Structures are given as structure tokens and as C-alpha cells.
1. Considering every residue in B:44-53, what mean count of other chain Cβ atoms within 10 Å of its Cβ is obtained?
2. Average partner chain C-beta neighbours within 10 Å, per residue of C:108-115?
3. If you put +1 on each Lys and Arg Cβ and -1 on each Asp and Glu Cβ, how big is the dipole of chain B around its Cα centre, in Debye rounded to 20?
4. Just the accessible area per residue of the stretch C:152-309, please: how many Å² with a 1.4 Å probe?
5. For the stretch C:183-309, compute Rh as the Kirkwood radius over C-alpha pairs and then the Stokes-Einstein diffusion coefficient at 25 °C and 0.890 mPa s; write the answer in µm²/s, rounded to an integer.
6. Going by a 1.4 Å probe on protein heavy atoms, which residues of the stretch B:146-189 end up with at least 20 Å² less accessible surface in the whole assembly than in their chain alone?
7. When the expected Rg is taken as 2.2 N^0.38 Å, what fraction or multiple of it is the alpha-carbon Rg of the stretch D:1-149?
8. Straight-line reach only, C-alpha to C-alpha below 18 angstrom: list the lysines that C:Lys66 could link to, leaving out same-chain residues fewer than 8 apart.
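The values are calculated or read from the model by the stated rules, or taken from the named source; none is laboratory data. Just so you know, these numbers come straight off a predicted model, no measurement behind them. Note that we place each Cβ from the backbone using ideal geometry, even for glycine, and neighbour counts take in every protein chain shown. Just the protein is used for accessible areas: all its heavy atoms, side chains included, with ligands, DNA and RNA removed. Shrake-Rupley method; radii C 1.70, N 1.55, O 1.52, S 1.80 Å.
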Number of protein chains: 4
Amino acid sequence: MKPHIEAGGVYVIAPTPFHPDGRIDDSSIDRMTDFFLQAGVTGMTVLGQLGEAPKMAHDESVGIVKRVIARAKSLPIVVGVSAPGFAAMRALTQDVMAMGAAGVMIAPPNTLRTDDSIVQYYKQASEAIGSDVPFVIQDYPLTFSVQMAPSVIRRIHTECPASWFLKHEDWPGLDKISQLRAWEKDGSMRRLPILVGNNALFLDFEMERGADGANTGYCFPDMLVDVVRLSKAGKRDDAHDLFDAHLPLIRYEQQPGPGLAVRKYVMMRRGIIASDTLRKPGGALTPAARAEVDYLLSRLAQKDSRAKV
Amino acid sequence: MKPHIEAGGVYVIAPTPFHPDGRIDDSSIDRMTDFFLQAGVTGMTVLGQLGEAPKMAHDESVGIVKRVIARAKSLPIVVGVSAPGFAAMRALTQDVMAMGAAGVMIAPPNTLRTDDSIVQYYKQASEAIGSDVPFVIQDYPLTFSVQMAPSVIRRIHTECPASWFLKHEDWPGLDKISQLRAWEKDGSMRRLPILVGNNALFLDFEMERGADGANTGYCFPDMLVDVVRLSKAGKRDDAHDLFDAHLPLIRYEQQPGPGLAVRKYVMMRRGIIASDTLRKPGGALTPAARAEVDYLLSRLAQKDSRAKV
Amino acid sequence: MKPHIEAGGVYVIAPTPFHPDGRIDDSSIDRMTDFFLQAGVTGMTVLGQLGEAPKMAHDESVGIVKRVIARAKSLPIVVGVSAPGFAAMRALTQDVMAMGAAGVMIAPPNTLRTDDSIVQYYKQASEAIGSDVPFVIQDYPLTFSVQMAPSVIRRIHTECPASWFLKHEDWPGLDKISQLRAWEKDGSMRRLPILVGNNALFLDFEMERGADGANTGYCFPDMLVDVVRLSKAGKRDDAHDLFDAHLPLIRYEQQPGPGLAVRKYVMMRRGIIASDTLRKPGGALTPAARAEVDYLLSRLAQKDSRAKV
Amino acid sequence: MKPHIEAGGVYVIAPTPFHPDGRIDDSSIDRMTDFFLQAGVTGMTVLGQLGEAPKMAHDESVGIVKRVIARAKSLPIVVGVSAPGFAAMRALTQDVMAMGAAGVMIAPPNTLRTDDSIVQYYKQASEAIGSDVPFVIQDYPLTFSVQMAPSVIRRIHTECPASWFLKHEDWPGLDKISQLRAWEKDGSMRRLPILVGNNALFLDFEMERGADGANTGYCFPDMLVDVVRLSKAGKRDDAHDLFDAHLPLIRYEQQPGPGLAVRKYVMMRRGIIASDTLRKPGGALTPAARAEVDYLLSRLAQKDSRAKV
């Protein structure tokens, strides 16, 4: 296995742009990818939960990955391959790795309960997809109902050489980062890059606890890039000032359910994608919600010129 | 939409036979299908939860269905198409209906909570796969964590013309059958065939409450056929005598997890399939469990000659 | 049954102050109650989830309520009485209503799934505690795992005359408020006061959707009072300005688990209670977390003088 | 701490008998206790889940325990003290231990997920109730949604000197018993008595895997005593013959929800208690269910004279 790419900065979670009739919008994929590159992201994750992965047929999934890889050039592309069984997971992994993906992301099935069963699952998954395929551990208890203790993450990372980085979205999660970093420091765990999710709701302090960056899809990924940069440069107040300006919208976008519609709507208003269409069973924003987002953008525009849309 | 086939008797849930190395065992599929036909089943369901559906790649799934349909001739074949998203569900449905399947089975995703969300899900699923494709409602709260009130089932059946029959495996579930039958009687619901699951653990009384048969995969489907027949013929004591003889093994096989390994082991001992292999993450029976099943079979053989294996 | 008090404004969720050794701190209860009165709250809820209710013996619970009622004079006091069974619920209700409580709050047990079972639970609970005792519906799916559709809330409110107001903390929840208000408007539901929770994370927009106020315990309840007042007065930008200044801390305090420790720590720093002690199994803030809260307070102090502590 | 009583045989789970109006029926408590003594049980557990514990006020709970202890003389009495918080747990424990209870039973709250959190909970609970109070670990994932790996049980038993025995009701659970016994054998765990629950649905094989007896409330505890005795005496076929005769009813009684009503109904028919009343929210058997139980009893009577009622 070749050495893992050192993950850090912003691995943006890409939505999947659709035409209003539900077909995949290829030119929006290109435009979005270009935007991410210019924004300074260091990686991209496609076909995650908020990429509407389960709504895509296998061929569509493969097509999206192919297009993004071609467009993003040297940017590492991570592909969500979570599936109810290893067969579909392996099939998609093989296809996308052959096309040049940098690795895959795997979420635990929500039936797992004991520590051992979680570790065992990742070991079997890694074996199933190929033990040389770098994979991202997705720790997202709010959606998956699976609680991973820090010691479980350490075990997965220790027992699976292909473990690449952690998409951290536990809530609360600050002390978890501190614990993992303490274990690295005392030598009881090999280096584990940590990129945070949860729509960046705690990015400000997560960076200070030792996160390496973000792995989420907030509609202003360019802001995420700046906050990560400012924080790494030790400009604490500046990082918080920028972050706080966006927090009202971050919070609004983080709502489960309508959150993705908010994200696509803002990205449409910013000209990044052409339509904010979601495939079923996802729904459109209500007029009231749309007006609220407009109001949030108008307020944000007073503090961050990026929001002048 | 052509009229639904009137479901009744035993729609056996078929396991997927594998070679010891995990490849699909085609000749065991044929032998198993022949056995089911001779046993008098009235239908077959393939690629259900206990058919290890999530462990199959799309092409494998299609291949299994094709082979079974060819072999089973006029027997109606139901195919499990549950998936995390409608795209995969539609893709598999289209393929199998084109090959001659009689309908599909859909389980609700375990995130559904409110009554409305369950009804809405089935309506959207039916629309997604094609509103002329007969579908089976799978009501299995123990595994799917989704509780369907009788009124929810009535709503699905009323609002979806393609609703075909109910795979009933709520627990407890006897009064649910009585409620649904009462609604049919008073005209507030159109006829809903009910076939029961849960490894037939309550088949004896479920038949008396108004079930039309079984839709499960107990390792002696020939016994299920006889119990359904005896019960429908009003031979209550005979039905219970036969059922009770099998109950120790039924109960043993109904254990979540090892249950499928028990089923395959007995079917292997009966000569129906060649190997009791499960694909990962399923495991083999421990020697202790295997010995317990052997003991149960030896006891059963004293009451039912079918168990002399 | 006498007419319900018209709920609105801020019904603050009161924490229970302890001495460092875990005994109840009576003088802090008094000081805290006085503070709430001066802050302009319109009601108080004691012994909620974040009042550490399950950690109190029955006599302790009764003692706290007695003390608060005596001190708060004419302020309506709501008491959380959720319990695994109706016997304990009734016992506490009878005791506190006899002492002058205005009503009680009831959360649904987390085993409820179907719409009917939720409605049935509230009907039985209301009967058990006395059908003339005003009760608050607590709709908090994140903690209780019970999803109440708007139609379920309407049914509870319609079928239980003693239903008083809704503690709304669904997430997402904005459209739920709009739906309930639409039903009031078209006459299909009697007036239902809505006070919002979730640590006020969406108070800004919830007010605009039709909420009557807040029923939560954020460590600056005086700010909640002002936001509610500004919002009701139509001073939209002012309401958002004040709210946004607090949002970084609101978000930090809303973390499940450490959130209550944050709340008590800030209230201690503000001089409202003497110690930030939690009873077991609650834990103290880590030094890192404490420093983060200090930093948030120092930033907040630049925008809201209340935070100069 | 005095040495634990060596648990084995049948610790029967006692229901709480009520008068038809819901008051506690003291004379039925006495008659039931006498019956259990004559049946040869070696212990009694009161106020478990199926003792309707949450429906009892504190004083009622104490009264029941007092009465049973006085009547049962030297029989060890275990009291269920599970509660949402340690305060109520400690209060009840102190009261019942002072009256002469042998120990208490504690179920884990259904929010626990990680291995560490489960172990931590039992350590804190033991400390809270008094570290010299023998406690029973209740491992019942079906109801409590908490999965305890064998290694978690070993840790609890090792780290808590007051850990007394395991009420084992995992499902599947046979290999769990084998694992725990293997650890005792290789010296990596101190002796842990195991009594099984789940309405004895697997008692036959659980005894053979190494269980010490049963801790459940099936309506024929006298049969449980005999099965345990026969199994310990190595009379395998006799044990299974007796067990199998009861299995149709065992299965029927094990239904969650109506199961307790079945149990009380049969105990009423056997003359052990005067009424089969359940407190709300428990309901009565439907006439159809009652007739089914009658039929099961009539069939059982042909094989076991105890059922001639």
C-alpha cells in the first residue's frame, strides 16, 4: 500500500447537482468543481449522505465520480461507498479506485452496538473492499445511531492499516479530539488526521483542539478554508470573527432534512450550481424557509462580501 | 394494472445457496426450487433479508432471480428490492419484472417514525418502481424498528392500488390480524391477503385469526404447507399437533443472527442444498450449536418422519 | 377546571443548584429565583431534564418546588413530572399542585412509536394525574426518540382539555410551528401556546413563525426576554442582532452532556448560583472546555454588557 | 461485605397481584408466595419489569417487599430498583435492604451505547446504592436496547465486588453463556452465577450451556424447577420432554405486551392469585386471546397434570 495522502485543510462534501427534472447536471458538476478548486479546498468527498448517494443508480454514481476526477485534476477525491452489504460496497469501490479516487468513506450500519462489533465491521469492510484501499472512518452518531468511543476509533485505526482519516462528527465531540491527540502524543496511537463535519458547527474550537481541518459541505466552503487557515496561523480572534459571522447560517443549514435544500439553494444563488433540485424523497424549501435564508444572506453580506449574491 | 394473484398458502422465503468459497451455487438453487415445488408451496420470495440480499451485487441478484423464475415455471416469484434509495430499488425492480417476477417486497427504512411518514414512503416507493408493480408490505418492527399501526397498513393498502399482500411479522401480532379482518368485514378496507413470517412462530394461531398462509423460510416448508392446509380444513388439533412437534426447532431457528445458519444447516442435512455456507459478515454455527440442532432433529424424527435425515 | 394561564414570554427552565458536596443549595435557589423575576421571565419550569430531576429523591423534589413557589410569589411554576410509570407521576403531581404549582410537564416515554400510542399515552397520563391539572406537552425527539407529527399534537390538544401549552423542541421545527398556526387560523385546532426549547438555538426565527416565547434555560434568560420582546415588537433586526451576539455561546451550551455544566458554570460566574456542581452521573467541565467558555464570554462582553462577569 | 448467597435453581419473577379496582391484593401476595415456596423455588425477585414496578408509588413498593419478605421467611428476595436516576434507586435500595432483602436488580438505562459507558454506569450505580449491596446485572437488550458484550459483563463483574449474578436474557444468548463459562474455566473471571430469563424460552439448552437456573416468571414456575433439576441430574431427554410440553404456552406468554396478562390469567386460573388485573397502561386479554390460552392449557393438561385447571 502506498503511503496515505496527508489529509488536512478542507475536504469539501460535494452535493450532487440535478436538473429540475432530476437528471444529473453535468455542467453544474464542472462549475462546482472549478469553484471548489479556486476556493482552495484540499480535497473533495462525493456521494456522501448529503451527496444524495442512495438516490443514485450504480452507473450514475460511477459517472459522477469519473467526471469529478477528470475535472479536479490532482485533487484527492474521496467517494462515499457505505451500503447495506459488502457486495455493493466492493463493486463501487473497485470502480472508483480504478478511475483514480484517492480513497473511500465508510459509515457504520446502524445496527452495531458493542465496541467489538464496530471494530469488527471496519476490519471486515476493509478486507472486503481491498485492504490497500484508503478509507475514511465516518463517526456520525446523530444519523447512524452508532456511538464510537475514542478507544474504538483507536482500535480501528490500529488494526486497519488502510484507515486514512477520521470524519469526526460526534456531538459533543471536542473532548474526543483532545483524547485522540493525547494518545498520539503519548505514543499509544499512530497519527490520525481528523477532519470535522456537522456542517462545521464547532469548527472554531475543533481546530483549537487539534483538528486538521473540515470535511463538510457548508455552502461557503471558501469561508471554511479561511477559518482553517486563520486558526492554523494562530489568528484566533480573526478566525472566530469570520466564523461567528457565518454561524447563524451554519446553524440554519445544519437542520436535518431541510439542511441540504438550504445548501443547494445558497449554492444556486451564488451561481455555483444551476438548480437547487433534490431528488425524491427530498423536498424543496417552503417559501417561508427560503425567505429566512434570504434574510440570513442579506445580514451576512454586511460582514462578508462573499454573501453579496 | 392486471389483477393481483390471490396470495395464500406458503410463499416460502428462499435462502441463497453458496459454494463453500462464497460463489453462488446454481445447482443448489435448482434443487431447492424443485424441492419447494414438490413440497406444495404456492409462491417463492427471493432476495429477502434471509436471502442475504445485501451481500449480492446487482448482477448476482438478477442472475438468481432469472434462474429461479426459469426453474419454478408458473410459480409466482416475489423479489425483495428494499434499498436505501429509490434508484437501486427501481433498477432491480425493472430488471426482475422484465424477467417475469410476480411482484416485489419492500421493507420500510428504519428512520421512519410517524404514521404519515410510513404511508408517504410506500406511496413514493410505489411511484418510483412503477405504480403497476405489485408490492408486498413487510411489517417487521423487530428488525426494522418501524411500528406500523393497523390503520397505517390500511392507509397504505387503500392509497396504493399496487399493494398486493402483507408479510406480517409484528410481535405481538395476533390482534393486528383480527383488526385488519374486522375492517375488511365492515367494508372499511379492501381485501388484504396476509401471509405471516417470524419463522412461523405463531402460525398455528395466526391461521385461526384469519391469516391466509405463511411467507417465511423455516427449514421444513413442507410442514408449513401441511399446517396451513390442516388449519384451513378446520382440523385444529391436527394442525397444532404437527406444529407443536416442530416448535422446539422453529424457536431455535428464529434466533436473530445464527438463525439463518441453522436454516441452511438443516436444509443441507435434508439434501436440499449442498453447503450451509453464509457470506460474510454471517458466520458458521459453533460446534455446540450444531450439536443442539442435531439433537432437535433426532427428537423431531420421532414425531415427523421428514426429520429422519 | 379553571381557565389556563395564557402562556407566553419566557418560562425559564431552572437548573437545580447544589453545594459542592451534592446537597441542594437553598440560598442559591432563592437568589436564582430572584434573578429570574428581575430578568422579567413570565414563568418558571423546575425539575425538567436539565433540572436534574431524575437525580432527586421524591422529598427533595417536593422541597425544591415548595421553596421556589414561596419565593416566586405570583409567577406560574411548572413542574416536570415525567416518570417511567403513572404512580410516581401522580404522586409528585398531587404534591406540587397542592403547594400551588400552575401545572406540570410530561415527556413521552421513548418506547412510543405509532401516532395512536402517543395520543393514548397523553390521555392516560392526564387521567392519571387528574384531568383538571394543566399539563405541558414536551416534544423533544432528539432526547426522547419520539416523533410527534403536527397532527398528533393537534389530537392531544383536542382530546385533552387539560393540555396547556407546547414545549416545542423538535429539530427541524420551524415548519411545525407554521403548520400548527395554520390549523388555528382555519379553525381546526383550538389555540395552543407554543414556547420553544432546544436552548433557544432557533428562537429568532421561531418567534417569527408564531411562537409565543421560550421555555428553555440558556444561561442568559434576560437575553431571551429581550429577544422575545423585540421580536413581538416587530424590531426584527434588533432581535437578530442581540440573538446573533449570543449564538456562539448558545450553540456551545446546547451540546448534550456538557451543556448543563456550561450553563451552571456561566450562572456561577454571573453570581446567580454559588457552585456549578452537578450530581452524578453528570460531570464537571474539563479545563479546556472551561477556558473555551471564558473566551466566549469575553467575546460576548464586547457586544452585550451582561456578559461582563 | 458478607459473602454472596450462591444463586441457582429458580429465582421466580413475581407479578404484583391487584384487586380488580387496581389496589394491591395482599392476600394474593401471601398465597402466591406460599405457592412459590411449595413449588421449590430458591429465590424470588419482586418489582421487576413484569412486576409492574414503574406503576407503583414508593410506599406501595416498600409495602410489597415487606410483605413478601415476612412471608417467604428464609428465601432470598431480590428487588428491582431500576430507576431513571440514582436518587430513587438509592432510596428504594436502602429501604428494602433494611427490611431484609438479599439484594437488588439493576437494568441499564437505554441511552447507554459504548462498552465503557455501560461498565461506568454499573460502577456508579453500585457506589450510589452502597458498595456492599449485592446487585444483579440485568442483560435484556430486547427491552432496554443496551447490548452488553460478554467482555462488558466480565468487566462489571470484575470491577464491582458487589456484582452477584447475571439475569441473562440476551437473544441469541447461548454462545454468551459458553463464553462466560470458558472465561471462568481459564481463570480470567471469577465465578458468575447465571440465571436465565426471556420467559425460559431457551431454558432447555441454556442449562446445558452452563446456566445455574432460571430467573423468570413463567406461569408454571413449578415446571421450571423440575426442568432445572432434571437438567442438572443429567436427565436430558426427560428435561426436554417436560420443557417441550410447555413450549407452546411459554412462547405465547413471551409476547411483549400481552404476555403479562397471559401470565396473570393462568395464575388466576391456577388459583395462585385472585384476579388477573393489570394496572394501566397495561390492558386485559381480548376474548380471542383468552380462548387461545384456554386451548393451550387444555392441550397441556394432556401432558402435564399441573395444567388441569
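1. 1
2. 5
3. Roughly 280 debye for chain B.
4. Dividing the accessible area of the stretch C:152-309 by its residue count gives 32 Å².
5. In µm²/s, the coefficient rounds to 157.
6. Listed by number, the residues meeting the 20 Å² cut-off are B:Gln147, B:Ala149, B:Trp171, B:Pro172, B:Leu174, B:Asp175.
7. 1.04
8. Straight-line reach from C:Lys66, under 18 Å: C:Lys55.
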